[in-house]
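Data block below; observations after.
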Ligand SMILES: NC(=O)c1ccc[n+]([C@@H]2O[C@H](COP(=O)([O-])OP(=O)(O)OC[C@H]3O[C@@H](n4cnc5c(N)ncnc54)[C@H](O)[C@@H]3O)[C@@H](O)[C@H]2O)c1
Ligand SMILES: O=C(O)C(=O)C[C@@H](O)[C@H](O)[C@H](O)COP(=O)(O)O
Ligand SMILES: [Zn+2]
(Lines give C-alpha, C1' and ligand atoms only; values in the text may rest on other atoms or scores of the structure.)
(Ligands and ions follow the chains in the order given, each with its own letter.)
Protein backbone atom coordinates (compact mmCIF):
# COMPACT_ATOMS: atom_id res chain seq x y z
CA UNK A 1 0.00 0.00 0.00
CA UNK A 2 1.28 3.46 -0.91
CA UNK A 3 -0.18 6.90 -0.26
CA UNK A 4 0.67 10.26 -1.81
CA UNK A 5 -0.62 13.60 -0.54
CA UNK A 6 -1.70 16.28 -3.02
CA UNK A 7 -0.99 19.16 -0.70
CA UNK A 8 -3.14 21.97 -2.09
CA UNK A 9 -3.96 24.58 0.57
CA UNK A 10 -7.51 23.96 1.85
CA UNK A 11 -8.10 21.19 -0.69
CA UNK A 12 -5.44 18.60 0.17
CA UNK A 13 -6.23 14.96 -0.55
CA UNK A 14 -4.64 11.51 -0.65
CA UNK A 15 -3.94 9.25 -3.58
CA UNK A 16 -4.31 5.79 -2.10
CA UNK A 17 -2.74 2.91 -4.08
CA UNK A 18 -3.55 -0.55 -2.74
CA UNK A 19 -4.22 -3.99 -4.19
CA UNK A 20 -7.82 -4.94 -3.38
CA UNK A 21 -8.68 -1.36 -2.38
CA UNK A 22 -12.07 -1.63 -4.13
CA UNK A 23 -13.30 -3.76 -1.22
CA UNK A 24 -12.23 -1.01 1.20
CA UNK A 25 -13.96 1.80 -0.72
CA UNK A 26 -16.57 2.24 2.05
CA UNK A 27 -14.23 2.74 4.98
CA UNK A 28 -11.82 4.87 2.92
CA UNK A 29 -14.65 7.13 1.70
CA UNK A 30 -16.10 7.37 5.20
CA UNK A 31 -12.71 8.61 6.40
CA UNK A 32 -12.92 11.69 4.14
CA UNK A 33 -16.73 12.13 4.09
CA UNK A 34 -17.77 11.97 7.75
CA UNK A 35 -21.11 13.84 7.29
CA UNK A 36 -22.16 12.30 3.98
CA UNK A 37 -25.24 10.05 3.80
CA UNK A 38 -25.82 9.66 0.03
CA UNK A 39 -23.34 8.75 -2.69
CA UNK A 40 -24.18 9.08 -6.38
CA UNK A 41 -21.95 6.59 -8.20
CA UNK A 42 -21.21 7.15 -11.90
CA UNK A 43 -19.74 4.30 -13.93
CA UNK A 44 -19.92 3.01 -17.50
CA UNK A 45 -21.39 0.05 -19.32
CA UNK A 46 -18.10 -1.90 -19.40
CA UNK A 47 -16.99 -1.21 -15.84
CA UNK A 48 -20.38 -1.84 -14.19
CA UNK A 49 -20.52 -5.62 -14.76
CA UNK A 50 -16.85 -6.03 -13.80
CA UNK A 51 -16.33 -3.89 -10.70
CA UNK A 52 -19.44 -1.96 -9.57
CA UNK A 53 -20.92 -4.66 -7.32
CA UNK A 54 -17.90 -4.82 -5.00
CA UNK A 55 -17.70 -1.06 -4.68
CA UNK A 56 -21.41 -0.60 -3.90
CA UNK A 57 -21.32 -3.44 -1.34
CA UNK A 58 -18.40 -1.82 0.44
CA UNK A 59 -20.02 1.66 0.35
CA UNK A 60 -23.31 0.36 1.73
CA UNK A 61 -21.54 -1.59 4.48
CA UNK A 62 -20.00 1.73 5.53
CA UNK A 63 -23.51 3.18 5.91
CA UNK A 64 -23.85 5.14 2.66
CA UNK A 65 -27.09 5.11 0.69
CA UNK A 66 -26.14 4.75 -2.99
CA UNK A 67 -27.63 5.40 -6.42
CA UNK A 68 -25.75 4.30 -9.55
CA UNK A 69 -25.79 5.73 -13.03
CA UNK A 70 -24.27 3.62 -15.79
CA UNK A 71 -23.37 5.71 -18.85
CA UNK A 72 -22.60 4.19 -22.26
CA UNK A 73 -18.84 3.53 -22.50
CA UNK A 74 -16.86 5.87 -24.76
CA UNK A 75 -15.86 9.48 -25.38
CA UNK A 76 -19.31 10.41 -26.76
CA UNK A 77 -20.67 10.21 -23.20
CA UNK A 78 -18.46 13.12 -22.15
CA UNK A 79 -21.15 15.47 -23.40
CA UNK A 80 -23.37 18.33 -22.16
CA UNK A 81 -26.41 16.06 -22.74
CA UNK A 82 -25.04 13.37 -20.44
CA UNK A 83 -24.05 16.00 -17.90
CA UNK A 84 -27.65 17.25 -17.81
CA UNK A 85 -28.93 13.72 -17.34
CA UNK A 86 -26.57 13.25 -14.40
CA UNK A 87 -27.67 16.53 -12.80
CA UNK A 88 -31.36 15.58 -13.09
CA UNK A 89 -30.79 12.09 -11.66
CA UNK A 90 -28.71 13.47 -8.80
CA UNK A 91 -31.59 15.75 -7.80
CA UNK A 92 -34.13 12.91 -8.16
CA UNK A 93 -31.93 10.90 -5.77
CA UNK A 94 -32.13 13.75 -3.25
CA UNK A 95 -28.46 14.70 -3.25
CA UNK A 96 -27.63 17.49 -0.78
CA UNK A 97 -24.58 19.71 -0.27
CA UNK A 98 -23.11 17.30 2.30
CA UNK A 99 -23.41 14.31 -0.05
CA UNK A 100 -20.92 13.29 -2.73
CA UNK A 101 -20.32 11.86 -6.20
CA UNK A 102 -18.15 8.81 -6.90
CA UNK A 103 -16.52 8.28 -10.32
CA UNK A 104 -15.80 4.59 -10.94
CA UNK A 105 -14.25 4.20 -14.38
CA UNK A 106 -11.78 5.60 -16.88
CA UNK A 107 -11.05 9.18 -17.83
CA UNK A 108 -14.43 9.67 -19.48
CA UNK A 109 -16.35 8.78 -16.31
CA UNK A 110 -13.93 10.79 -14.13
CA UNK A 111 -14.05 13.95 -16.25
CA UNK A 112 -17.85 13.84 -16.65
CA UNK A 113 -18.77 12.87 -13.08
CA UNK A 114 -16.20 15.34 -11.75
CA UNK A 115 -17.75 18.19 -13.73
CA UNK A 116 -21.21 17.15 -12.53
CA UNK A 117 -19.90 17.22 -8.93
CA UNK A 118 -18.30 20.63 -9.50
CA UNK A 119 -21.56 22.13 -10.71
CA UNK A 120 -24.51 20.39 -9.01
CA UNK A 121 -25.74 22.50 -6.10
CA UNK A 122 -22.73 24.75 -6.93
CA UNK A 123 -20.34 21.97 -5.98
CA UNK A 124 -20.38 18.77 -3.90
CA UNK A 125 -17.57 16.46 -2.80
CA UNK A 126 -16.21 13.97 -5.25
CA UNK A 127 -14.23 10.70 -5.05
CA UNK A 128 -12.19 9.27 -7.91
CA UNK A 129 -11.93 5.48 -8.25
CA UNK A 130 -10.03 5.21 -11.56
CA UNK A 131 -10.17 1.87 -13.38
CA UNK A 132 -7.99 2.44 -16.48
CA UNK A 133 -4.23 2.89 -16.48
CA UNK A 134 -4.72 6.33 -18.04
CA UNK A 135 -7.13 7.39 -15.32
CA UNK A 136 -4.88 6.04 -12.55
CA UNK A 137 -1.71 7.79 -13.75
CA UNK A 138 -3.28 10.99 -15.04
CA UNK A 139 -6.95 11.98 -15.21
CA UNK A 140 -8.00 11.13 -11.63
CA UNK A 141 -5.32 13.42 -10.16
CA UNK A 142 -5.23 17.20 -10.42
CA UNK A 143 -8.87 18.20 -10.66
CA UNK A 144 -9.27 18.93 -14.39
CA UNK A 145 -12.90 17.95 -15.11
CA UNK A 146 -14.76 18.65 -18.33
CA UNK A 147 -17.11 17.72 -21.13
CA UNK A 148 -16.47 18.02 -24.86
CA UNK A 149 -18.35 20.49 -27.06
CA UNK A 150 -19.07 20.25 -30.80
CA UNK A 151 -16.10 22.56 -31.35
CA UNK A 152 -13.62 20.34 -29.54
CA UNK A 153 -12.27 18.53 -26.49
CA UNK A 154 -12.66 19.56 -22.84
CA UNK A 155 -14.06 22.98 -23.73
CA UNK A 156 -16.50 23.29 -20.82
CA UNK A 157 -15.06 22.33 -17.48
CA UNK A 158 -13.61 23.32 -14.14
CA UNK A 159 -10.79 22.70 -11.72
CA UNK A 160 -12.48 20.63 -9.03
CA UNK A 161 -10.26 18.53 -6.82
CA UNK A 162 -11.45 15.16 -5.50
CA UNK A 163 -11.53 14.43 -1.75
CA UNK A 164 -9.75 11.13 -2.36
CA UNK A 165 -8.29 9.13 -5.25
CA UNK A 166 -8.59 5.45 -4.54
CA UNK A 167 -6.76 3.16 -6.94
CA UNK A 168 -6.66 -0.60 -7.03
CA UNK A 169 -3.94 -1.86 -9.45
CA UNK A 170 -5.79 -5.20 -9.73
CA UNK A 171 -8.61 -3.63 -11.77
CA UNK A 172 -6.13 -3.11 -14.60
CA UNK A 173 -6.13 -6.86 -15.20
CA UNK A 174 -9.53 -6.66 -16.93
CA UNK A 175 -8.43 -3.97 -19.41
CA UNK A 176 -8.25 -4.82 -23.11
CA UNK A 177 -4.67 -4.45 -24.46
CA UNK A 178 -5.57 -1.35 -26.48
CA UNK A 179 -6.92 0.47 -23.41
CA UNK A 180 -3.84 -0.52 -21.42
CA UNK A 181 -1.70 0.92 -24.25
CA UNK A 182 -3.65 4.21 -24.13
CA UNK A 183 -2.53 4.58 -20.53
CA UNK A 184 1.06 3.80 -21.53
CA UNK A 185 1.04 6.88 -23.80
CA UNK A 186 0.51 9.12 -20.74
CA UNK A 187 2.96 7.02 -18.66
CA UNK A 188 5.64 7.53 -21.33
CA UNK A 189 4.74 11.24 -21.38
CA UNK A 190 5.93 11.57 -17.76
CA UNK A 191 9.30 10.11 -18.68
CA UNK A 192 9.61 12.53 -21.59
CA UNK A 193 8.64 15.68 -19.72
CA UNK A 194 9.95 15.20 -16.22
CA UNK A 195 12.10 12.15 -15.60
CA UNK A 196 14.69 10.69 -18.00
CA UNK A 197 15.54 7.90 -15.53
CA UNK A 198 11.88 6.85 -15.56
CA UNK A 199 11.89 6.91 -19.39
CA UNK A 200 14.86 4.50 -19.37
CA UNK A 201 13.10 2.32 -16.79
CA UNK A 202 10.11 2.05 -19.16
CA UNK A 203 12.31 1.48 -22.21
CA UNK A 204 13.77 -1.55 -20.43
CA UNK A 205 10.24 -2.94 -19.85
CA UNK A 206 8.56 -2.68 -23.26
CA UNK A 207 5.57 -4.98 -22.63
CA UNK A 208 2.34 -5.06 -20.61
CA UNK A 209 3.61 -8.00 -18.54
CA UNK A 210 6.83 -6.23 -17.57
CA UNK A 211 4.97 -3.02 -16.67
CA UNK A 212 2.37 -4.92 -14.62
CA UNK A 213 5.19 -6.63 -12.70
CA UNK A 214 6.20 -3.12 -11.49
CA UNK A 215 2.77 -1.52 -11.53
CA UNK A 216 2.83 -0.02 -8.03
CA UNK A 217 6.13 1.71 -8.80
CA UNK A 218 4.76 2.97 -12.14
CA UNK A 219 1.55 4.33 -10.58
CA UNK A 220 3.41 5.92 -7.69
CA UNK A 221 6.03 7.55 -9.93
CA UNK A 222 3.50 9.01 -12.37
CA UNK A 223 1.15 10.27 -9.64
CA UNK A 224 4.10 11.77 -7.75
CA UNK A 225 5.27 13.61 -10.87
CA UNK A 226 1.75 14.87 -11.59
CA UNK A 227 1.19 15.80 -7.94
CA UNK A 228 4.36 17.91 -7.90
CA UNK A 229 3.28 20.17 -10.78
CA UNK A 230 -0.37 20.38 -9.73
CA UNK A 231 0.62 21.59 -6.26
CA UNK A 232 2.83 24.25 -7.82
CA UNK A 233 0.32 25.39 -10.45
CA UNK A 234 -3.21 24.08 -9.95
CA UNK A 235 -4.73 26.43 -12.56
CA UNK A 236 -2.43 25.42 -15.44
CA UNK A 237 -0.69 28.69 -16.15
CA UNK A 238 2.93 27.73 -15.50
CA UNK A 239 4.57 24.54 -14.26
CA UNK A 240 1.52 22.38 -15.01
CA UNK A 241 1.65 23.16 -18.72
CA UNK A 242 4.27 20.42 -19.17
CA UNK A 243 1.50 17.82 -18.70
CA UNK A 244 0.14 19.02 -22.03
CA UNK A 245 3.17 17.73 -23.99
CA UNK A 246 1.80 16.05 -27.14
CA UNK A 247 -1.70 17.39 -26.51
CA UNK A 248 -1.94 20.42 -28.84
CA UNK A 249 -1.41 18.09 -31.79
CA UNK A 250 -3.06 15.16 -29.98
CA UNK A 251 -6.29 17.13 -29.76
CA UNK A 252 -5.98 17.85 -33.51
CA UNK A 253 -5.73 14.10 -34.19
CA UNK A 254 -8.73 13.33 -31.99
CA UNK A 255 -10.67 15.97 -33.93
CA UNK A 256 -9.40 14.59 -37.26
CA UNK A 257 -10.76 11.17 -36.26
CA UNK A 258 -14.07 12.68 -35.17
CA UNK A 259 -13.36 11.50 -31.60
CA UNK A 260 -14.12 7.92 -32.61
CA UNK A 261 -11.25 6.84 -34.87
CA UNK A 262 -8.43 7.54 -32.37
CA UNK A 263 -8.48 7.29 -28.59
CA UNK A 264 -6.99 10.03 -26.44
CA UNK A 265 -3.96 7.85 -25.66
CA UNK A 266 -3.33 7.08 -29.35
CA UNK A 267 -3.66 10.74 -30.31
CA UNK A 268 -1.28 11.83 -27.53
CA UNK A 269 1.23 9.17 -28.64
CA UNK A 270 1.33 10.55 -32.20
CA UNK A 271 1.24 14.12 -30.82
CA UNK A 272 4.38 13.52 -28.73
CA UNK A 273 6.31 12.15 -31.71
CA UNK A 274 5.24 15.11 -33.87
CA UNK A 275 6.16 17.59 -31.10
CA UNK A 276 9.57 15.93 -30.74
CA UNK A 277 10.12 16.23 -34.50
CA UNK A 278 9.13 19.90 -34.35
CA UNK A 279 11.55 20.50 -31.46
CA UNK A 280 14.33 18.78 -33.39
CA UNK A 281 13.62 20.93 -36.44
CA UNK A 282 13.68 24.11 -34.34
CA UNK A 283 17.00 23.04 -32.79
CA UNK A 284 15.50 22.79 -29.27
CA UNK A 285 15.20 19.00 -28.94
CA UNK A 286 18.30 16.79 -29.33
CA UNK A 287 18.33 14.81 -32.58
CA UNK A 288 17.08 11.24 -32.18
CA UNK A 289 14.70 12.02 -29.27
CA UNK A 290 11.59 11.50 -31.42
CA UNK A 291 12.91 8.13 -32.55
CA UNK A 292 13.49 6.99 -28.96
CA UNK A 293 9.93 7.98 -28.02
CA UNK A 294 8.47 6.36 -31.15
CA UNK A 295 10.30 3.08 -30.51
CA UNK A 296 8.82 2.78 -27.03
CA UNK A 297 5.31 3.74 -28.18
CA UNK A 298 5.50 1.15 -30.96
CA UNK A 299 6.30 -1.56 -28.41
CA UNK A 300 2.78 -0.96 -27.06
CA UNK A 301 1.28 -0.86 -30.57
CA UNK A 302 0.58 2.88 -30.26
CA UNK A 303 0.52 5.00 -33.44
CA UNK A 304 3.44 7.34 -34.02
CA UNK A 305 1.80 9.37 -36.82
CA UNK A 306 -1.83 10.22 -37.59
CA UNK A 307 -3.05 11.89 -40.78
CA UNK A 308 -4.40 15.41 -40.22
CA UNK A 309 -5.29 18.19 -42.62
CA UNK A 310 -4.11 21.80 -42.34
CA UNK A 311 -7.72 22.78 -41.48
CA UNK A 312 -7.87 20.26 -38.65
CA UNK A 313 -4.54 21.46 -37.24
CA UNK A 314 -5.76 25.06 -37.49
CA UNK A 315 -9.03 24.26 -35.70
CA UNK A 316 -7.29 22.50 -32.81
CA UNK A 317 -4.57 25.13 -32.49
CA UNK A 318 -7.25 27.85 -32.43
CA UNK A 319 -9.02 26.15 -29.50
CA UNK A 320 -5.93 25.22 -27.51
CA UNK A 321 -6.15 26.58 -23.96
CA UNK A 322 -2.44 27.45 -24.02
CA UNK A 323 -3.05 30.08 -26.67
CA UNK A 324 -3.89 33.76 -26.32
CA UNK A 325 -4.42 36.14 -29.21
CA UNK A 326 -2.20 35.12 -32.10
CA UNK A 327 0.26 33.19 -29.89
CA UNK A 328 0.41 29.69 -28.51
CA UNK A 329 2.69 27.89 -26.06
CA UNK A 330 3.83 24.57 -27.49
CA UNK A 331 5.51 22.07 -25.18
CA UNK A 332 8.88 21.00 -26.53
CA UNK A 333 11.62 18.81 -25.07
CA UNK A 334 14.88 20.55 -24.22
CA UNK A 335 16.22 17.11 -23.45
CA UNK A 336 14.72 13.76 -22.58
CA UNK A 337 13.04 14.34 -19.20
CA UNK A 338 12.64 18.11 -19.55
CA UNK A 339 9.71 19.79 -21.29
CA UNK A 340 9.58 23.57 -21.71
CA UNK A 341 6.81 25.82 -23.04
CA UNK A 342 7.88 27.45 -26.29
CA UNK A 343 5.93 30.54 -27.34
CA UNK A 344 5.37 30.98 -31.05
CA UNK A 345 2.68 32.49 -33.24
CA UNK A 346 -0.14 30.16 -34.22
CA UNK A 347 0.63 31.03 -37.85
CA UNK A 348 4.28 29.96 -37.45
CA UNK A 349 3.25 26.69 -35.79
CA UNK A 350 0.77 25.92 -38.57
CA UNK A 351 3.44 26.71 -41.15
CA UNK A 352 5.83 24.24 -39.46
CA UNK A 353 3.13 21.56 -39.47
CA UNK A 354 2.49 21.79 -43.22
N1 LIG B 1 -8.74 15.21 -16.51
C2 LIG B 1 -7.53 14.94 -16.94
O3 LIG B 1 -6.52 15.43 -16.39
C4 LIG B 1 -7.36 13.98 -18.08
C5 LIG B 1 -6.09 13.43 -18.32
C6 LIG B 1 -5.96 12.52 -19.38
C7 LIG B 1 -7.09 12.16 -20.13
N8 LIG B 1 -8.29 12.70 -19.83
C9 LIG B 1 -9.50 12.27 -20.56
O10 LIG B 1 -9.70 10.90 -20.26
C11 LIG B 1 -10.42 10.29 -21.34
C12 LIG B 1 -9.74 9.00 -21.73
O13 LIG B 1 -9.73 8.14 -20.61
P14 LIG B 1 -9.58 6.56 -20.77
O15 LIG B 1 -8.47 6.25 -21.70
O16 LIG B 1 -9.59 5.99 -19.41
O17 LIG B 1 -10.89 6.20 -21.58
P18 LIG B 1 -12.33 5.63 -21.16
O19 LIG B 1 -12.80 6.23 -19.90
O20 LIG B 1 -13.17 5.78 -22.38
O21 LIG B 1 -12.01 4.09 -20.90
C22 LIG B 1 -11.55 3.30 -21.97
C23 LIG B 1 -12.35 1.99 -22.09
O24 LIG B 1 -11.99 1.12 -21.02
C25 LIG B 1 -13.17 0.61 -20.39
N26 LIG B 1 -12.77 0.28 -19.02
C27 LIG B 1 -12.52 1.13 -18.00
N28 LIG B 1 -12.03 0.47 -16.95
C29 LIG B 1 -12.00 -0.83 -17.28
C30 LIG B 1 -11.57 -2.01 -16.63
N31 LIG B 1 -11.02 -1.97 -15.40
N32 LIG B 1 -11.68 -3.18 -17.28
C33 LIG B 1 -12.19 -3.22 -18.55
N34 LIG B 1 -12.59 -2.16 -19.23
C35 LIG B 1 -12.49 -0.95 -18.62
C36 LIG B 1 -14.17 1.71 -20.58
O37 LIG B 1 -15.49 1.23 -20.46
C38 LIG B 1 -13.86 2.19 -22.00
O39 LIG B 1 -14.48 1.35 -22.94
C40 LIG B 1 -10.44 11.31 -22.47
O41 LIG B 1 -11.70 11.92 -22.51
C42 LIG B 1 -9.38 12.32 -22.06
O43 LIG B 1 -9.64 13.60 -22.58
C44 LIG B 1 -8.44 13.59 -18.83
O1 LIG C 1 -3.69 17.54 -16.01
C2 LIG C 1 -3.27 18.25 -16.94
O3 LIG C 1 -3.00 19.44 -16.77
C4 LIG C 1 -3.13 17.70 -18.30
O5 LIG C 1 -2.88 18.45 -19.24
C6 LIG C 1 -3.29 16.23 -18.47
C7 LIG C 1 -3.67 15.79 -19.88
O8 LIG C 1 -3.19 14.47 -20.03
C9 LIG C 1 -5.19 15.75 -20.12
O10 LIG C 1 -5.45 15.15 -21.35
C11 LIG C 1 -5.96 17.04 -19.96
O12 LIG C 1 -7.33 16.79 -19.89
C13 LIG C 1 -5.75 17.99 -21.10
O14 LIG C 1 -6.32 19.20 -20.72
P15 LIG C 1 -6.60 20.42 -21.69
O16 LIG C 1 -6.43 21.57 -20.76
O17 LIG C 1 -5.59 20.38 -22.81
O18 LIG C 1 -8.00 20.23 -22.17
ZN1 LIG D 1 -3.98 13.56 -21.80
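The values are calculated or read from the model by the stated rules, or taken from the named source; none is laboratory data. Quantities reported herein were computed from a predicted structural model and do not represent experimental measurements. Every residue, glycine among them, receives a Cβ derived from its backbone with ideal geometry; neighbour counts consider all protein chains shown.
Data for the structure
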{"item": "The range 157-178 - residue that is surrounded by fewer than 21 Cβ atoms within 10 Å (Cβ to Cβ) and assigned to a helix (DSSP H, G or I) and, of those, nearest to ligand 3 (Cβ to nearest atom)", "result": "178"}
{"item": "Restricting the range 99-150 to residues that are part of a loop (DSSP other than H, G, I, E, B) and near ligand 1 (Cβ under 9 Å from one of its atoms), the residue that is farthest from the chain's Cα centre (by Cα)", "result": "131"}
{"item": "Candidate set from the range 112-143 (those that are surrounded by 24 or more Cβ atoms within 10 Å (Cβ to Cβ) and more than 16 Å from residue 164 (Cβ to Cβ)); member that is farthest from ligand 3 (Cβ to nearest atom)", "result": "116"}
{"item": "Unmet requirement for residue 69, which otherwise passes all of (1) touching a residue at least 24 places away in the same chain (Cβ under 8 Å); (2) in a helix (DSSP H, G or I); (3) over 24 Å from residue 2 (Cα atoms)", "result": "(2)"}
{"item": "Test result for residue 83, part of a helix (DSSP H, G or I), touching a residue at least 40 places away in the same chain (Cβ under 8 Å), under 26 Å from residue 15 (Cβ atoms) and in contact with a helix residue (DSSP H, G or I) (Cβ under 9 Å, 6 or more places away or on another chain)", "result": "yes"}
{"item": "Extreme residue, surrounded by the most Cβ atoms within 10 Å (Cβ to Cβ), among residues of the range 235-247 that are more than 8 Å from ligand 2 (Cβ to nearest atom) and part of a helix (DSSP H, G or I)", "result": "242"}
{"item": "In the range 192-250, the residues that are away from ligand 1 (no atom under 16 Å from the Cβ) and under 16 Å from the mean Cα position of the chain (by Cα)", "result": "220, 221"}
{"item": "Test: residue 59 is crowded, with 20+ Cβ neighbours inside 10 Å, over 20 Å from the mean Cα position of the chain (by Cα) and not in a helix (DSSP H, G or I)", "result": "no"}
{"item": "Of the criteria (1) at pLDDT 95 or above; (2) over 24 Å from the mean Cα position of the chain (by Cα), which one residue 276 fails", "result": "(2)"}
{"item": "Among (1) in contact with a helix residue (DSSP H, G or I) (Cβ under 9 Å, 6 or more places away or on another chain); (2) more than 10 Å from ligand 2 (Cβ to nearest atom); (3) modelled with pLDDT under 95 - the single one residue 261 does not satisfy", "result": "(3)"}
{"item": "Filtered residues of the range 25-53 (kept if surrounded by fewer than 17 Cβ atoms within 10 Å (Cβ to Cβ) and in contact with a helix residue (DSSP H, G or I) (Cβ under 8 Å, 6 or more places away or on another chain))", "result": "27, 50"}
{"item": "Selected residue (only one of 275, 270 is out of contact with any strand residue (DSSP E or B) (no Cβ under 6 Å at 6 or more places or on another chain), within 28 Å of residue 72 (Cα to Cα), away from ligand 1 (no atom under 12 Å from the Cβ) and part of a helix (DSSP H, G or I))", "result": "270"}
{"item": "Tally of residues being assigned to a loop (DSSP other than H, G, I, E, B) and touching a residue at least 12 places away in the same chain (Cβ under 8 Å) across the range 278-308", "result": "13"}
{"item": "Checklist (1) without any contact (Cβ under 8 Å) to a residue 60 or more places away in the chain; (2) crowded, with 24+ Cβ neighbours inside 10 Å applied to residue 93, failing item", "result": "(2)"}
